[in-house]
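*Asks:* The structure under discussion is supplied below as structure tokens; questions concerning it will follow.
Read-outs: derived from the displayed coordinates by stated rules, not from any lab. What you are looking at is a predicted structure, and each value in this text was computed from that prediction instead of being measured. FYI the Cβ positions are ideal-geometry reconstructions off the backbone, even for glycines, and counts take in every protein chain you see.
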Amino acid sequence: MPNSVASLAAAIFLSFAAIPAVAEADVDLEAGRAIFNETAEPSCAICHSLVDAEAEGEVGPNLDAMEGLDLDRIRAAVAGGVGVMPAFDEVLSEEEIETVSAYVAAVAGKDANATGISN
Amino acid sequence: MTQLPGLKRRHFLVGAAGVSGAAMVGLPTVTLAQDGTPLPDYVAWKDADAMIVHSPETLETVRGAIGTGIVTPNDEVYIRNNLPAPDESIVADRDAWEVTFEGLAEPMSLTVGQLKTVGVETIATVLQCSGNGRKFFEHEASGSQWETGAAGCIIWSGVPVRDLVSMMGGVTEGMNWLTGTGGEEIPDGLPPETIQVERSVPVDMMETAILAWEMNGEPIPLAHGGPLRLVIPGYYGVNNVKYLKRLAFTAEESPAKIQQTGYRIRPVGESADPSQPSMYEMSVKSWITGPLMDAATGKVQIHGVAMGGTSAVEKVELSLDGGETWAEAPFVGPDLGPYAWRPFVVIADLEAGTHTLASRAMNATGDVQPEDFPPNERAYGHNGWRAHAVDVTVS
């Protein structure tokens, strides 16, 4: 897949598109928030910032400012881990992974001040 | 400069104009990277023209910035911090940083100042993130979408681990692993093994590993692991533990998640498992660093870099027709050893039209850069030449 102007332009556009990737109406926000803050062990909020969940973790990326946050990528990250982030398929059920992933996809990007640069 | 950064540069200039305006009315100034995002404070000293900010902890080197460079300048080297860098205070007195050594006949703690009197070796290695090339996969893997720029060639100076082992009376029997622990702070409420950066590599790596305090002739910047970094030549970046505070010879691999289930290569959709191959040895690889999009008719300089992985790169071939035909491309500049990359240059006469330029490297053990690389869950290790090829329009 060689480079092309189109793919580069798309990448630039996407990096500025901090819009929710999933419509909120289709998601059980309350259940997702509970998994994010409580069910997951360790809790997602220890490491991540997410305004909707009132989470202010500073270890992992600020989810309100991340590029390319679509549902497939979020689900893959939660289930299989990324870097030091553990794989949560050891501690969450498939349904829980789906719910918390859809929740993050629906609410991330609501922080108008998030730049991706937190430090 | 090549034409790929040109497009981004226009984008950058738009952002830069906004910054100048802010400066005129007394607002704080920021430095914008190639994608228009500000550089995080801890790497504000990086060359913004050469960097793409994926996130505060992941910054990629612009493909064209490498050019024909053998050694990547510190201010252009990519950043992939698995955890936020520790406070700047840890590099206030570098020689006072202490490391503990375990699994040896005479275990002890030494400061960097003391390590400097044990022995010194300088080596050149390619430093490359396991996920370099992730963008070339098509299965929507999570993580930063690196293209070619999570790699650089670095000259490190430090003490050989084998000298330390010899000084401490040898490795205790039964210790199969060399385990390095990073000094990043772990937040309250997390068991250390959950996110601690602790990696184990086969014990034989002690023969070539060094504990480095210098990077390209300067004290290692905090963002790159200073005051002290474990360097495992030929191994992916994650094994080169930053802020090294413990080096242990251990019977088992580290219990840390980053070792047990992180950085394991496995089929798409499969769960992580310690039985899967860990991201250790880098593979043979090359890529073109210019031109990347456009060129004028007539003679054009086509350049790139080639690496062998764990054995020296022996040759690199260039194709001007998408891999139909290949011709050997000469290396330029000195050979910095088996773990460094080598730049190559071909002066070609290209006719008007679009040309697919590709490069293909071979190493001393006979490994050849493959045409394709199979997808894997975490999108690691891509070295396929076809995905790294570039379409250049000549007019």
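*Asks:* Work from the charge dipole of segment B:54-160 (Cβ charges, +1 for Lys and Arg, -1 for Asp and Glu, about the Cα centre) and give the residue of B:55, B:125, B:159 farthest towards its positive end.
*Replies:* B:125
*Asks:* If you build a Gaussian network model of chain B, linking Cα atoms that sit under 10 Å apart, which residue out of B:266, B:80, B:342 swings the most?
*Replies:* The residue with the greatest mean-square fluctuation here is B:266.
*Asks:* Let me ask another. Take the eigenvalues of the Cα gyration tensor for segment B:335-383, scale each by 5, and report the square roots as semi-axes in whole Å, largest first.
*Replies:* Over the Cα atoms of segment B:335-383, the ellipsoid semi-axes are 25, 20, 10 Å.
*Asks:* What 222 nm value per residue comes from the helices of chain B, counting each DSSP H run with n ≥ 4 as -39,500 (n - 2.57) and dividing by all residues, nearest 500 deg cm²/dmol?
*Replies:* Taking each H run of at least 4 residues, the total per residue is -3000 deg cm²/dmol.
*Asks:* Kirkwood Rh over alpha-carbon pairs of the protein assembly as shown, then Stokes-Einstein at 20 °C and 1.002 mPa s: what D in µm² s⁻¹, rounded to an integer?
*Replies:* 90 µm²/s
*Asks:* Give the residue from B:211, A:71, B:380 lying farthest towards the positive end of the charge dipole for the protein assembly as shown; charges sit on Cβ (+1 for Lys and Arg, -1 for Asp and Glu) and the dipole is referred to the Cα centre.
*Replies:* B:211
*Asks:* Note down the nm distance, to one decimal, between modelled labels 7 Å out along Cα→Cβ at residue A:91 and at residue B:296.
*Replies:* Each label point is offset 7 Å from its Cα along the Cβ direction, giving 6.0 nm.
*Asks:* Could you give log10 I(q)/I(0) at q = 0.19, 0.23 Å⁻¹ for segment B:118-194, computed by the Debye formula over C-alpha point scatterers of equal weight, without solvent?
*Replies:* One equal scatterer on each Cα of segment B:118-194 leads to -1.05, -1.05.
*Asks:* Test of understanding: express the Cα radius of gyration of segment B:59-182 as a ratio to 2.2 N^0.38 Å, with N the residue count.
*Replies:* Output field value: 1.33.
*Asks:* OK, next. Ranked highest first by the average count of other Cβ atoms within 10 Å around their residues, in what order do B:59-65, B:136-142 fall?
*Replies:* Most protected by this proxy first, the peptides run B:59-65, B:136-142.
*Asks:* For the pair residue B:325 and residue B:31, what calculated FRET efficiency results from E = 1/(1 + (r/R0)^6), where r is the Cβ-Cβ distance and R0 = 45 Å, to the nearest 0.05?
*Replies:* 0.55
*Asks:* Using Cβ contacts closer than 10 Å as the measure, can you line up B:305, B:390 from fewest to most?
*Replies:* Ordered from fewest to most neighbouring Cβ atoms within 10 Å, B:305, B:390 come out as B:390, B:305.
*Asks:* So, by mean Cβ neighbours within 10 angstrom, what's the order for B:282-290, B:322-330 with the highest one leading?
*Replies:* B:282-290, B:322-330
*Asks:* Quick check: Cα centre of segment A:40-88 to Cα centre of segment B:314-370, how many Å?
*Replies:* Rounded to whole Å, the Cα centres lie 40 Å apart.
*Asks:* Using the number of other C-beta atoms within 10 angstrom as an exposure proxy, rank B:215, B:51, B:175 with the fewest first.
*Replies:* Fewest-to-most ranking of B:215, B:51, B:175: B:175, B:215, B:51.
*Asks:* Relative to the longest principal axis of chain B, what angle (0 to 90°, nearest 10) does the C-alpha long axis of helix B:3-24 take?
*Replies:* 70 degrees
*Asks:* Relative contact order for segment B:268-340: what percent, with Cα pairs under 8 Å and sequence separation of 6 or more?
*Replies:* 25 percent
*Asks:* Another question, then. Can you work out the base-10 log of I(q)/I(0) for segment B:293-395 at q = 0.13, 0.18 1/Å, using the Debye formula on its C-alpha atoms alone?
*Replies:* These q points yield log10 I(q)/I(0) values of -0.50, -0.89.
*Asks:* Please compute the volume of the convex hull spanned by the alpha-carbon atoms of chain B and report it per residue in Å³.
*Replies:* Measuring per residue, one finds 153 Å³ for the Cα hull of chain B.
*Asks:* Under unit Cβ charges (Lys, Arg +1; Asp, Glu -1), what dipole magnitude, rounded to 20 debye, does the protein assembly as shown have relative to its Cα centre?
*Replies:* The dipole magnitude comes to about 1640 debye.
*Asks:* Next up: For B:43, A:82, which order do you get if you count the other beta carbons within 10 Å of each Cβ and list the fewest first?
*Replies:* Listing B:43, A:82 from fewest to most nearby Cβ atoms yields A:82, B:43.
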